[in-house]
Amino acid sequence: MKSTNLEIYDVIMIEPSKHLDERGFFMESYNQNVFDNIVGKNITFVQDNISFSKKGVLRGIHLQSHPFSQGKLVRVEEGKIFDVAIDLRKGSKTYLKWVGEILTEENLRQLWIPEGFGHAFLTLSKSAKVCYKTTNFYNKDSEKTILFNDPKLKINWEQFDLDIIISDKDREGLHLDEILDTL
């Protein structure tokens, strides 16, 4: 596996090795020892999630507050997404900065998003099946939603020239100023 720390250093792009032959391919999508070595600590995943989205669906910006914060290992099983991680860790050098990466079924990349980050993605293909592991269980009472187009973040969703489809819950997300004190 190849790994690359992104502009926000703790967010890591992981590229598993793909072994091709005339039958198809084999890939080890996750190995606890290799992953822990890449992130520099022991990580325990407790939940696997799958979402299926149509083209133009934007999910997020979601996070869970302490003590239910979640780290996420995100990958695309089918399709293509623009995946975004927003640093919400107070005191971090990259506080309120974000990184975005294209994840596809072809490039097989995975994005490690540590606890303390907001997460969102936009479906770029006809549809996408997104799979992600989490380090904590979902807790409805600690769930937070930041407005996907908060002007302070300046995430350029428009660069993809799509009619964005968003849930009522995400459309009614809070502005950063309204949520930062609750994290």
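Being of a type outside the set (Gly, Ala, Ser), farther than 18 Å from ARG171 by Cα and either at pLDDT below 95 or in contact with a Phe, Trp or Tyr (Cβ under 8 Å, 6 or more places away or on another chain) (or both): is that true of PHE68 here?
Criteria met by PHE68.
Where in the stretch 11-55 are there strands (runs of 3 or more DSSP E), lying fully within it, with 2 or more residues that are open to solvent by less than 100 Å² (accessible area, probe 1.4 Å) and at pLDDT below 95?
The qualifying strands (runs of 3 or more DSSP E) are 18-21, 24-27.
Which one of these is open to solvent by 90 Å² or more (accessible area, probe 1.4 Å), within 25 Å of GLY79 (Cα to Cα) and in a helix (DSSP H, G or I): GLU158, GLU178?
Just a single option satisfies the conditions, and that option is GLU158.
Residue by residue, here is whether (1) farther than 25 Å from PRO114 by Cβ; (2) among the β-branched types (Val, Ile, Thr) holds:
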| site | (1), (2) |
| --- | --- |
| SER125 | yes, no |
| THR134 | no, yes |
| ILE146 | no, yes |
| ASP161 | yes, no |
| ASP170 | no, no |
| ASP181 | no, no |
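Can you say whether PHE25 is farther than 30 Å from GLN159 by Cα and either in contact with a His (Cβ under 7 Å, 6 or more places away or on another chain) or not basic (Lys, Arg) (or both), as far as the supplied structure shows?
Yes; evaluated as a whole, the condition is true for this residue.
For LEU147, indicate whether it is open to solvent by less than 30 Å² (accessible area, probe 1.4 Å), under 25 Å from GLU7 (Cα atoms) and not aromatic (Phe, Trp, Tyr).
yes
Could you list, in sequence order, the residues of the stretch 66-77 that are assigned to a strand (DSSP E or B) and either among the hydroxyl-bearing types (Ser, Thr, Tyr) or under 17 Å from ILE146 (Cβ atoms) (or both)?
Result: LYS72, single match.
Mind listing whichever residues of the stretch 56-65 are modelled with pLDDT of 95 or more and part of a loop (DSSP other than H, G, I, E, B)?
Scanning the stretch 56-65 gives a single hit, GLY56.
The values are calculated or read from the model by the stated rules, or taken from the named source; none is laboratory data. Bear in mind that the values here come from a model prediction, so they are computed numbers and not experimental data. Neighbour counts are summed over all protein chains in view; Cβ atoms, including those assigned to glycine, are modelled from backbone coordinates with ideal geometry. The area values use the complete protein model at the heavy-atom level, side chains included, leaving out ligands, DNA and RNA. Shrake-Rupley method; radii C 1.70, N 1.55, O 1.52, S 1.80 Å.
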